[in-house]
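Novice: Quick one: this structure, given as structure tokens, is what I'll be asking you about.
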Protein chains: 2
Amino acid sequence: MQEINKAVIIGAGNVATHLGPALKESGMQIMQVFSRTRASAEILARKIGCEYTTDIKKIQEGADIYVFCLSDSALFPILEQFPHKGTLSVHTSGSLSIDIFKAAAFTKAGVFYPLQTFSKNTRPDFQKIPICLEANNEELLTKLEKIALAISPDVRQINSAQREILHLAAVFACNFTNHMLAISNEILEMNQLPTDILHPLIEETIRKAIQQNPAAIQTGPAMRKDYLIMGKHIKQLSALPEYRKIYTFISESIIAKSEK
Amino acid sequence: MQEINKAVIIGAGNVATHLGPALKESGMQIMQVFSRTRASAEILARKIGCEYTTDIKKIQEGADIYVFCLSDSALFPILEQFPHKGTLSVHTSGSLSIDIFKAAAFTKAGVFYPLQTFSKNTRPDFQKIPICLEANNEELLTKLEKIALAISPDVRQINSAQREILHLAAVFACNFTNHMLAISNEILEMNQLPTDILHPLIEETIRKAIQQNPAAIQTGPAMRKDYLIMGKHIKQLSALPEYRKIYTFISESIIAKSEK
């Protein structure tokens, strides 16, 4: 089986900024970075120590793998114009199917999805990031596993249907929890209260929810069906009808789940 | 000003189990534990090294402070029958007003509210717990501050109206985030996917939300108005209409907040 030694990184956003260097540190040779945005391409190429291009036609051939770290909306147009469709190519998206490669006439495709949220300026610890893999066939999957295990001990085989479920679950677990924290902050700020006062409570709540079963440790007025307090809260939210609606529906849902 | 040296702990639940020993370690003499439940009273009294009673009439007089660590629903009936209403008394509830003492004819009252979620078997780090104080007058407040500062560096003066707002904000930040995690787990389990795969992502999301402004770092399909993905998610939730409703309302709320 041919070794995967040489990679080209397509994209220079949050995922590429961390996955590129991680692949390099694991022993991979990064030949080139491609990005439509010159500044981003240049910064990442300098970080990795390789060349870059902003011209899709100048993406080097001869790589063993092309790693597409692009936003969902940017991916398909780039795939369509990509000049090396016969070489193993992976995308890093949680929400796109592997079939997007087939639709763009790629022959050897996979998904290499690091399940984490990345920010350009915060270096993630790949040792703690689950890498979700999928490939067209067993041989390609074995190759991707080898690459993934060189950067993280937590490598899992997750097909596109499962990845869709993961993504939906992550919307609740991350996007929606973040919105609950945003609403909480808004309520505190509207009342000139400091937001940091809740941080220890939030951290402990999440620590418990991860260590245990969140449904089993639910607390609060809805859980104990304290309609007096809930009524008071709903009244306090009278100036924020949208949050009142959320308060009511989530409280109802907590009660319903507790009775299941 | 008379020193506060001797305390009686009323209650032997989650808060009493940790606050009692913390007060003792800070130098307070704990005279007695009261609980209606003999087993709980005995366990906590042994932990602290003091006597206990299950008879409200046998609660010792001569304490400098009575610390009521009771559930909201248990507090008022105990206050009514309490034999020493002239001594400084505090409750530890986030949701009850200081006025509950006045209603029960206490003369020197306060609130001593450690803003954290407690479980009997997990020892909390009081150094990281904000203590929210309120008192009838400045002299009592100064006394409570001294007690609080002996167990935590984070002591804040929060009146009953502010504590109500804090409690409402905490429902969003803790109870509702926990429910989002419970829904996420349910979705994963229904699809035979492991729940631990999302833990690193959840931890990082919360870390960011606490360090930064959660509204400013919101991500996900609603934030980028990706109606294609949202439509797919809503379809995936067709067997869970209650969660579909939550998905829709929270997504709408994320969009609305992003446009504010």
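Novice: Could you work out which residue, out of B:Leu201, B:Leu79, B:Leu149, moves most in a Gaussian network model of chain B, that is, has the largest mean-square fluctuation with Cα springs under 10 Å?
Specialist: Comparing B:Leu201, B:Leu79, B:Leu149 in the GNM, the peak value goes to B:Leu201.
Novice: What aspartates and glutamates sit close enough to A:Lys102 to cross-link, taking a C-alpha to C-alpha distance under 13 Å and skipping anything fewer than 8 places away on the same chain?
Specialist: Result set, ordered by chain and number: A:Glu80.
Novice: Sticking with this one: Take the alpha carbon gyration tensor of region A:15-171, find the square roots of its eigenvalues, order them as a ≥ b ≥ c, and report rounded if a/c is under 1.5; if not, report prolate when a/b exceeds b/c, else oblate.
Specialist: Judged from the Cα gyration tensor, region A:15-171 comes out rounded (a/c under 1.5).
Novice: Which residue, B:Leu75, B:Leu23, B:Leu198, tops the fluctuation ranking in a GNM of chain B built on C-alpha contacts under 10 Å?
Specialist: Highest fluctuation of the listed residues: B:Leu198.
Novice: If a helix is a whole DSSP H run, which ones in chain B reach 24 Å or further along their own axis (Cα) and hold a mean Kyte-Doolittle hydropathy of at least 1.0?
Specialist: Flagged H segments: there are none.
Novice: Starting from the Cα of B:Glu61, step 7 Å toward the Cβ, then list every residue of region B:74-118 with an amide N under 13 Å from that point.
Specialist: Answer for this model: B:83-87.
Novice: Checking an interface number: how much accessible area is buried between B and A, summed over both chains, with a 1.4 Å probe, in Å² rounded to 100?
Specialist: 8200 Å²
Novice: Sort shortest first the distances from A:Gly231 to its counterpart in every other copy, using label points 7 Å along the Cα-to-beta-carbon line, and give them in nm.
Specialist: Distances to the matching label points in the other copies: 4.4 nm.
Novice: Count the net charge of all other residues whose Cβ sits under 15 Å from the Cβ of A:Leu193, scoring Lys and Arg as +1 and Asp and Glu as -1.
Specialist: Charge balance in the 15 Å sphere: -4.
Novice: Grab the beta carbon distance between A:Ser73 and B:Arg123, set R0 = 56 Å, and tell me the FRET efficiency rounded to 0.05.
Specialist: In this case the efficiency is close to 0.70.
Novice: Restricting the count to DSSP beta bridges whose residues both fall in the protein assembly as shown, what percent are antiparallel, rounded to a multiple of 5?
Specialist: 20 percent
Novice: Using a cut-off of 15 Å between beta-carbons, work out the net charge of the residues near B:Thr219 (Lys and Arg +1, Asp and Glu -1, B:Thr219 not included).
Specialist: Around B:Thr219, the surrounding residues sum to +3.
Novice: How long is the gain from A:Ser258 to A:Lys102 if the chain were fully straight, where each residue apart is worth 0.36 nm and the alpha carbon distance is subtracted?
Specialist: Result for the pair: 51.7 nm of gain on full extension.
Novice: For chain B, what relative contact order do you get, as a whole percent, if you take Cα pairs closer than 8 Å and at least 6 residues apart?
Specialist: The value is 12 percent.
Novice: Choose one answer from B:Thr53, B:Thr122, B:Thr17: the residue with the largest mean-square fluctuation in a GNM of chain B with alpha-carbon springs under 10 Å.
Specialist: Greatest mean-square fluctuation among the candidates belongs to B:Thr122.
Novice: Now, a different point. Picking from B:Ile56, B:Leu237, B:Ile78, whose Cα lies most toward the positive end of the charge dipole for the protein assembly as shown (charges on Cβ: Lys, Arg +1; Asp, Glu -1)?
Specialist: With unit charges placed on the Cβ atoms, the residue in question is B:Leu237.
Novice: Run the accessible area of the protein assembly as shown with a 1.4 Å probe and give the carbon-and-sulfur part as a rounded percent.
Specialist: Solvent-exposed carbon and sulfur of the protein assembly as shown make up 51 percent of the total.
Novice: Another question, if that's okay. Can you tell me what share of the DSSP beta bridges in region A:105-196 is antiparallel? A percent to the nearest 5 is fine.
Specialist: Approximately 65 percent, going by the DSSP bridge assignments.
Novice: For a 32 Å ceiling on Cα separation, which of these pairs sit above it: B:Lys120/B:Lys225; A:Lys208/B:Lys24; A:Lys208/B:Lys6; A:Lys143/A:Lys257?
Specialist: B:Lys120/B:Lys225; A:Lys208/B:Lys6; A:Lys143/A:Lys257
Novice: Same structure again: Taking the Cα centre of the protein assembly as shown as the origin, how large is its charge dipole in debye, to the nearest 20, when only Lys and Arg (+1) and Asp and Glu (-1) carry charge on their Cβ atoms?
Specialist: Charge dipole, the protein assembly as shown, about its Cα centre: 220 debye, nearest 20.
Novice: At A:Glu25, label 7 Å along Cα→Cβ: distances to the other copies, nm, ascending?
Specialist: With the label placed 7 Å along Cα→Cβ, A:Glu25 yields 3.6 nm.
Novice: Now, a different point. So what is the 222 nm mean residue ellipticity for chain A from helices alone, if each DSSP H run of at least 4 adds -39500 (n - 2.57) and you divide by all residues, rounding to the nearest 500 deg cm²/dmol?
Specialist: Calculated at 222 nm, the ellipticity per residue is -14000 deg cm²/dmol.
Novice: Ignoring ligands, DNA and RNA, what accessible area per residue does region B:50-128 give at 1.4 Å, in Å²?
Specialist: Here the per-residue accessible area is 44 Å².
Novice: Treating only the Cβ of Lys, Arg, Asp and Glu as charged (+1, +1, -1, -1), what charge dipole size does region B:146-220 show about its Cα centre? Round to the nearest 20 debye.
Specialist: So the magnitude is around 460 debye.
Novice: Might you report the magnitude of the Cβ-based charge dipole of chain A about its Cα centre, with Lys and Arg at +1 and Asp and Glu at -1, to the nearest 20 debye?
Specialist: Computed about the Cα centre, the dipole is about 280 debye.
Novice: Give the average over all directions of the projected area of the C-alpha convex hull of region B:132-260, one decimal, in nm².
Specialist: Approximately 11.0 nm², given one-decimal rounding.
Novice: To continue, here is another question. Multiply the residue separation of A:Glu51 and A:Asn213 by 0.36 nm, subtract the distance between their alpha-carbon atoms, and state the gained length in nm to one decimal.
Specialist: Extending this stretch completely gives an extra 53.5 nm.
The values are calculated or read from the model by the stated rules, or taken from the named source; none is laboratory data. Nothing here was measured: the structure is a model prediction, and the numbers come from that model. Note that each Cβ is placed from the backbone with ideal geometry, even for glycine, and that neighbours are counted across all protein chains shown. These accessible areas exclude ligands, DNA and RNA; they are computed on the full protein's heavy atoms, side chains included. Shrake-Rupley method; radii C 1.70, N 1.55, O 1.52, S 1.80 Å.
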